[in-house]
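This report concerns only the one structure given below.
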Amino acid sequence: MKTVDKRIRAGLLLFWALYFSIVLVSNSADALSALSLLPSEWHFVSGNYGLIQKVVSLYEPPAWLAGFMFAGVILWEAVGAILFWRAFLVTLRDNPKQTPLLHAAFGITIGLWAMFILADEVFLVYLLGGISSTHFNLLLAELATFILIRLLD
């Protein structure tokens, strides 16, 4: 692989590793805040737990459902972040294991956006404005990144 191609690949993988790591930390802080395990003046929280509560309230579910869903999202993001970091490090070393790791990282996180888009439809999230388009844009951005990386191969 040419040096420029390797740098582009590594840069894109680093971006997604950082993105999912930051989202993971802010969502984890939000969960800890919701459990009253962080001081009330803690500012680095995503606000996504409250958003999930609002979204699922359409169907008046049991109180634990939003927390269960949010925990699932956090776990999904953690797996995605770990896989992107591993793919980034393997790419730096020109390791032949990079393709399976790339596929795993993108597969897991593209699946996350697909799940969000389906949930947006089930919970009529498009009525809240903006959230559905964010999920769709992130899906497209990740698909474009994956296609570009594959073309570099």
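Laboratory data are not the source of any read-out in this text; all were calculated from the coordinates shown. None of these values were measured; they are calculated from a predicted model. Because the Cβ atoms are built from the backbone with ideal geometry, glycine has one as well, and the counts that use them run over all protein chains shown.
How large is the helix-only mean residue ellipticity at 222 nm for the chain, computed as the sum of -39500 (n - 2.57) over DSSP H runs with n ≥ 4, divided by its residue count, in deg cm²/dmol to the nearest 500?
Helix-only estimate at 222 nm: -27000 deg cm²/dmol.
If contacts are Cα pairs under 8 angstrom and at least 6 residues apart, what is the relative contact order of the chain in percent?
Relative contact order for the chain comes out at 26 percent.
Any chance you could give the angle, 0 to 90 degrees and rounded to 10, that helix 3-34 forms with the longest Cα principal axis of the chain?
Once rounded, the angle reads 20 degrees.
Over the alpha-carbon set of the stretch 3-152, divide Rg by the Kirkwood Rh and report the Rg/Rh ratio to two decimals.
Expressed as Rg/Rh, it is 1.02.
Write out the trypsin sites (Lys or Arg not before Pro) in the stretch 73-119 meeting two conditions: DSSP loop, and at most 15 other Cβ atoms within 10 Å of their Cβ.
93, 97
What is the sum of charges, Lys and Arg at +1 and Asp and Glu at -1, for the other residues whose Cβ falls under 15 Å from the Cβ of residue 29?
Net of charged neighbours comes to -3.
Straight-line reach from residue 97: which lysines have a Cα under 26 Å away, not including same-chain ones fewer than 8 places off?
2, 6
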